[in-house]
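Below you'll find the structure, written out as structure tokens, and then a few comments.
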């Protein structure tokens, strides 16, 4: 099981979080961290986990693997829904 998924600033990442991504309003579609989640376990198996960001004004859907989250300073937590 991967470590807890966290933003660069330390907050835990949850499905539904409102975020800013590359300066655009966006949302976390899902946070894949558990093999017991049948809908997203393939992301845990393939990448060790990660998050899917939905940025409709910019890049659309972007998957960020857990080992690259630390490089995404432009993924900023805004609010929990």
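Brief remarks follow.
Residue by residue, here is whether (1) crowded, with 17+ Cβ neighbours inside 10 Å; (2) within 18 Å of residue 16 (Cβ to Cβ) holds:
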{"position": "30", "(1), (2)": "yes, yes"}
{"position": "38", "(1), (2)": "no, no"}
{"position": "41", "(1), (2)": "no, no"}
{"position": "53", "(1), (2)": "yes, yes"}
{"position": "67", "(1), (2)": "no, no"}
{"position": "74", "(1), (2)": "no, no"}
{"position": "78", "(1), (2)": "no, yes"}
{"position": "81", "(1), (2)": "no, yes"}
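- Within the range 55-65, the residues that satisfy the criterion of being surrounded by 13 or more Cβ atoms within 10 Å (Cβ to Cβ) and more than 15 Å from residue 4 (Cα to Cα) are 55, 58, 59, 62, 63.
- Number of residues in the range 71-81 that are under 11 Å from the mean Cα position of the chain (by Cα) and at pLDDT below 95: the value is 1.
- Among (1) modelled with pLDDT of 90 or more; (2) touching a strand residue (DSSP E or B) at 6+ places or on another chain (Cβ under 8 Å) - the single one residue 58 does not satisfy: (1)
The values are calculated or read from the model by the stated rules, or taken from the named source; none is laboratory data. Quick caveat: nothing in here was measured; it's all calculated off a predicted structure. Virtual Cβ from ideal backbone geometry, glycine too; neighbours counted across all protein chains shown.
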